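Visitor: Can you keep this structure in mind? I'll have questions shortly.
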Amino acid sequence: MNRTTLAIGFLAMATVFPVSALTPALTLAFPAAATQDAPRDNINTATGVALAALLANDLMLRVSVDNNDAAKAGVPCADLGADSASCVTGRLILVNSGQTRIAGDGWKLYLHSIRRLLKIGHPDFSLRHLTGDLYELTPRPGAVAIGPGERVELPFVAEYWLLRYSDVLPRPYVVVAGASPAVLKRDDTDDETRYVDPLPNDKTNVPMTPAQIFRQQVERGEPLPAQQLAARALPSVIRQQAGDGEVDLRGVELSLPDLPPASVAALRERANMLGLAKQGLRITGMLAPRALPADIAVPGGYRLRIGGTGAAIDGYDAAGLYYGVQTLLSLTPAGGGRIPAMTVEDAPRFEHRGMMVDVARNFRQPATLRRLIDQMSAYKLNRLHLHLSDDEGWRIEIPGLPELTAIGAQRCHDPDETRCLLPQLASGPDNRSGSGYLRREDYMALLRYADERFVEVIPEIDMPAHARAAVVAMEARYRRMHASGREQEPNAFRLLDPDDTSQTLSVQFYDRRSYLNPCSSGALNFAGKVIGEIAAMHREAQVPLRIWHFGGDEAKNILLGAGFQSRDGTDPGKGRIDTTAQDKPWARSPMCAALMKQDGIASVDELPSRFARQVSTLVNANGIDTMAARQDGLKHASGPHDFATKNVMVTLWDPLFWGGAETVRTWGAKGYRGVLALPDYLYFDFPYALDPHERGYYWASRATDSYKTFTLAPDNLPQNAEVMPDREGKPFELTSTGPAARIDGMQGQAWGEIMRTDQQFEYMVYPRLLALAERAWHRANWERPYREGERYKLGETDHVDKLALARDWQGFASVVQQRELAKLKLAGIGYRSPQPALADTGLTKRD
C-alpha cells in the first residue's frame, strides 16, 4: 500500500529498552495500549486551567536531527532493535519562550512521531508509546525547571532516518488534570521549518539519467511551435488530421441529444468555468458506433471534426460523445481563443483509468472530491477509488451502526478510546485535522455527481488489517448493548476475539486491534452489513455499484519481518528483538484455533485470503460483478475462480525495483484483472523533488515529479529500468520473462498521512494527475512493444528512444504550462507550480 518494513515509520515495541549509549540510565516502556489519563496530581480546576494555558502559550517543542546514518557513527542500532539496523540521532528540545518559569510537575506532553523512538537521553523525563504515532512524555516531578528563555535537550535515537521536514509532525499537546488538552501554540503549524532545525545535507543530489539529459537539452532548445501546441490535446489522441484554417471558439452551443441531460449540464459547467459563452461554436453529436474505424469502435471511442462554424462528434457510446467534447475543451485556451481545424479519432488505452484517494487517514471534504471529479472527467480518468476506512478513521455513515462515525470518525484525547480515537498524524486533541465523514446523503450526492461526469466510484472498506477504527467503534457498540442487558445483540458485529492474547504490531504501529478477527461470526456479519448498506446507497442514487474493494493488505506483524532477528542473532544488518514475544495476527485466538482445526487450515497466514473468499459471496449477493483487493490479501488463493464474483481485480503495488514487473505478470497469468498502482511512479503522497522541503513519504521513490509519471511504460514494465533508477538513484536490471502482462489499467494513489489539509492534498495531486491521465489514456510512440527475453538496465542498454521521449514530454509540458494550469487556477485547484529543471537532477524545484 503506502509503507514497507524497509521504508518508513517507527516500530513501537512492547519491550523495555535501557538507555546507556547516550546518557545516564533511563528505562522506556512501550505498552501495547494507552492506560493512563491526565496526571493525578492534586491540582484544582482553576490551577489546572492556568497551568495548561501557560504551557500551551510558552512551551515549544523543537526537533533537531543530527545524524541520519547513526550506525556508522557507532550507535548500536541493531541492539536497539531498529529495522535493518538503521537509525537516526537527534534532539527533542523543550524551549520556554515565555516569561514564567516552567516546572515539571502536574503535566504530560503528547507528541507524534512516524519513527519509533528507540532511546531518549534525559534522566528527568520518561517516554512511552501509546498507539500508532502517539507518544507520552512525562517530566519527573520536582526534577525539571525551565526558566524564561531556557531550553532542555533530550537526545534521542529513532528508527530509519529523518530526511524531510514533513517527517517531523506538528501539534504536540499538553494534558493537565482539570483542564482541556491544549496544543502548544508555537508548534501549531503546517510549516515544519518553524519547529524543525535545518536538516543535515543527506545526499540530495543524484546523477542525471540519459533520459533526463535529453529532457534538459530539449527544454533548453527551440520552444514548441505555436501551431503544434495549439493542436495538441491533453491527454493526447490516437491520430488527428489537420483541416483548413482555424475556428474562433469564444462560446459553445451544445446539441447532444444522445447524451444524458445531466452530462450535458456538466459539460456546460466546464465551458462556463473556462469562460466560454453560451452562444458560439455549435457542437453536435450522435451515437454512430458503426461509422468509426475498428480501433476506436470501443467504449469511450469517438471521432471529432472541428471546422467552419461548428464541431461534430460521432461517439461509440455516450462516454465517447462526452470525451469528444472534453477534447474540444482541452484544445481551447482558458477564456476562449482560436484553435486549428482538424479531425480527431481517439479511444482510451485502458478500461481502468483511476485515482485512489485516502479519506481515512485525513478526511477530504466533499467539495474537494467534487473538484477532483471535475478534473478527472476533464482529462478522461474514469474511476475514483475511495479508501473509506483504516486504522485512523472510518469515513462513511452506516445506518444501524452509529458508533462507526460517532467514534471511528473522530479524534480526541481519550486514552480509553470510548468516545473517540486518540489523536494521530498531528490532528491535535480537538479535531484540527483528520476527523469527519460522509453522511449517507453526501455519499449519494457524490455518486450522482461523478456518474454525470462518467466517473465511477469504487468504495473500499479495508479488512482484515487496517481495521482499527471499525474495531474500536464496534467495541463501543458492544459495551453499550451489553450494559443494556442484551445478550446476543452485543456480539452481532463484534470484530474481536475477546480471548485473543496475540502480541502483534501492525505496519503503522497498532496492537491486535488493528485487525478484525476473520474467524468471528461478527466480522462476516459486519462485512455483510456494510456492503449491503453501501450497495443500497448506490441503488437509491441510481448509480450502479460494479466494483467493491476489499483492501486486504498488510495483515502481518512487522516485527517478524526480514529486517529483524532474535536477540542472539549475529547479522549486523538486522535489528535484534525478542522474537519469542511476538506473534502473527490471530496466532493466540481461540476462535481461530478452533476454526483452523475444523477446516484443516495449516497457518494463520491463510486466514485473510479465506476471509476474502467469504466476503466475495456477500459482494456477489449484492449484485456486484467485481471484487478488488491488493495482491497480498489474495496470495493464498489459487486463482480468481476461488471467489464468488464474476471478476476479481488486483491492485498491484510492488515497486519495479523490488520485483514489481514479475508481480504484475504473475497475477495476470493467473487470470486476475490487474491495475497498476506502482509506488515508484504512481504514489502522489511521495515528494515531487529531492528538496527536503517537499513533503511526502519516500520509501519507494525519493522524488516523483510529473516527468517520472509521464515516463512510465505500463505495457512494457521492464522498459522502465532503462529510463529511471531505483529510489537511491542506482541502476537496476529487468528482463522480459514470459508472455506480456495483462492489465486493465492504472491509477494514481493519494495516501493521506502527510496530507493533513485539502490544500496539501491538491498540492500533492496536481499537476501529477495530468501526467497520470496522459499515460492511462494514450500509448506514446516511444513505448516499446513487449518482447520476451529483452533486457533493460539504465546505463547499459539503449533500446528506448529517449530523444522521442524528451520531445513528447516537451509537448506535454508545454500544453500543461501554457494552457492547462490556467484552467486549474480557474477551477480553484491549489496546484504545485512547475519550475525549470535542475541541472543536477532533472527534477523540478520547489516553489
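The values are calculated or read from the model by the stated rules, or taken from the named source; none is laboratory data. Quick caveat: nothing in here was measured; it's all calculated off a predicted structure. As a convention, Cβ positions derive from the backbone with ideal geometry for all residues, glycine included, and neighbour counts pool all protein chains shown. These area figures cover heavy atoms from the full protein model, side chains too; ligands, DNA and RNA do not enter into them. Shrake-Rupley method; radii C 1.70, N 1.55, O 1.52, S 1.80 Å.
Visitor: Check whether at least one residue in region 482-495 is buried (at least 23 other Cβ atoms within 10 Å of the Cβ) and closer than 26 Å to M355 by Cβ, and report yes or no.
Guide: Within region 482-495, not a single residue is buried (at least 23 other Cβ atoms within 10 Å of the Cβ) and closer than 26 Å to M355 by Cβ.
Visitor: Just to verify a result, which residue in region 45-103, among those that are out of contact with any Asp or Glu (no Cβ under 7 Å at 6 or more places or on another chain) and of a type in the set (K, R), is least open to solvent (accessible area, probe 1.4 Å)?
Guide: Top of the filtered list is R101.
Visitor: Quick one: would you say T709 is in a loop (DSSP other than H, G, I, E, B) and among the polar types (S, T, N, Q)?
Guide: No.
Visitor: Which condition number does E441 fail, the rest of (1) open to solvent by 10 Å² or more (accessible area, probe 1.4 Å); (2) in contact (Cβ under 8 Å) with a residue 12 or more places away in the chain; (3) of a type outside the set (V, I, T) being met?
Guide: All conditions pass for E441, except number (2).
Visitor: Oh, and also: Do we have D685 as closer than 24 Å to I213 by Cα and either in contact with a His (Cβ under 7 Å, 6 or more places away or on another chain) or open to solvent by less than 10 Å² (accessible area, probe 1.4 Å) (or both) here?
Guide: Considered against the rule, which asks whether it is closer than 24 Å to I213 by Cα and either in contact with a His (Cβ under 7 Å, 6 or more places away or on another chain) or open to solvent by less than 10 Å² (accessible area, probe 1.4 Å) (or both), D685 comes out as no.
Visitor: Follow-up question, since we're still on this one. Please work out which one of (1) outside any loop (DSSP other than H, G, I, E, B); (2) open to solvent by less than 10 Å² (accessible area, probe 1.4 Å) is the condition L734 fails and give its number.
Guide: Among (1) outside any loop (DSSP other than H, G, I, E, B); (2) open to solvent by less than 10 Å² (accessible area, probe 1.4 Å), L734 violates only (2).
Visitor: Any residue in region 525-541 that is within 15 Å of P464 (Cα to Cα) and open to solvent by 10 Å² or more (accessible area, probe 1.4 Å) sitting within a Cβ distance under 6 Å of a residue that is modelled with pLDDT of 95 or more and in a helix (DSSP H, G or I)? List the pairs, counting only those 6 or more apart or interchain.
Guide: Sorted first by the residue in region 525-541, then by its partner, the pairs are G528/L618.
Visitor: Could you run through region 258-278 and say how many residues are basic (K, R) and either open to solvent by 50 Å² or more (accessible area, probe 1.4 Å) or on the phi > 0 side of the Ramachandran plot (or both)?
Guide: Total meeting the criteria: 1.
Visitor: So, one more: Are any residues in region 330-353 touching a strand residue (DSSP E or B) at 6+ places or on another chain (Cβ under 7 Å) and assigned to a loop (DSSP other than H, G, I, E, B), and if so, which ones?
Guide: Once the filter is applied, which keeps residues that are touching a strand residue (DSSP E or B) at 6+ places or on another chain (Cβ under 7 Å) and assigned to a loop (DSSP other than H, G, I, E, B), region 330-353 yields T332, G336, F350, E351.
Visitor: May I ask you to say which residue of T711, T617, T645, T666 is within 27 Å of K802 (Cβ to Cβ) and of a type in the set (V, I, T)?
Guide: The match here is T711.
Visitor: Let me ask something else. In region 542-582, how many residues are closer than 30 Å to L401 by Cβ, of a type in the set (D, E) and either touching an Asp or Glu at 6+ places or on another chain (Cβ under 6 Å) or surrounded by fewer than 18 Cβ atoms within 10 Å (Cβ to Cβ) (or both)?
Guide: Residues flagged as closer than 30 Å to L401 by Cβ, of a type in the set (D, E) and either touching an Asp or Glu at 6+ places or on another chain (Cβ under 6 Å) or surrounded by fewer than 18 Cβ atoms within 10 Å (Cβ to Cβ) (or both) within region 542-582 amount to 1.
Visitor: Which residue pairs have Cβ atoms under 7 Å apart, sit 6 or more places apart or on different chains, and have a first residue in region 58-74 that is at pLDDT 95 or above and a second that is open to solvent by less than 60 Å² (accessible area, probe 1.4 Å) and assigned to a helix (DSSP H, G or I)?
Guide: Short answer, once both residue conditions are applied: M60/D187; L61/D187; A71/A85.
Visitor: While we're here: Are any residues in region 595-641 on the phi > 0 side of the Ramachandran plot, open to solvent by 10 Å² or more (accessible area, probe 1.4 Å) and within 29 Å of the chain's Cα centre (by Cα), and if so, which ones?
Guide: G623 - this is the single residue of region 595-641 that is on the phi > 0 side of the Ramachandran plot, open to solvent by 10 Å² or more (accessible area, probe 1.4 Å) and within 29 Å of the chain's Cα centre (by Cα).
Visitor: Moving on to the next point. In region 800-814, is there at least one residue being over 23 Å from F684 (Cβ atoms) and in a loop (DSSP other than H, G, I, E, B)?
Guide: Yes, some residue in region 800-814 is over 23 Å from F684 (Cβ atoms) and in a loop (DSSP other than H, G, I, E, B).
Visitor: Keeping to region 286-304, report how many residues are in contact (Cβ under 8 Å) with a residue 40 or more places away in the chain, in a strand (DSSP E or B) and open to solvent by 10 Å² or more (accessible area, probe 1.4 Å).
Guide: Here the count works out to 1.
Visitor: Which of the residues spanning region 344-382 are open to solvent by 20 Å² or more (accessible area, probe 1.4 Å) and under 26 Å from R268 (Cβ atoms)?
Guide: Across region 344-382, the qualifying residues are E345, P348, Q365, P366, A367, R370, R371, D374, N382.
Visitor: Take the residues in region 644-660 that are under 21 Å from the mean Cα position of the chain (by Cα) and farther than 20 Å from F684 by Cβ; name whichever of them is surrounded by the fewest Cβ atoms within 10 Å (Cβ to Cβ).
Guide: G659
Visitor: Give me a count of the residues in region 160-188 that are within 22 Å of the chain's Cα centre (by Cα) and farther than 15 Å from P692 by Cα.
Guide: Selection size over region 160-188: 3.
Visitor: From A445, A470, A465, grab the single residue that is under 26 Å from S616 (Cβ atoms), at pLDDT 95 or above and out of contact with any Leu (no Cβ under 7 Å at 6 or more places or on another chain).
Guide: A465
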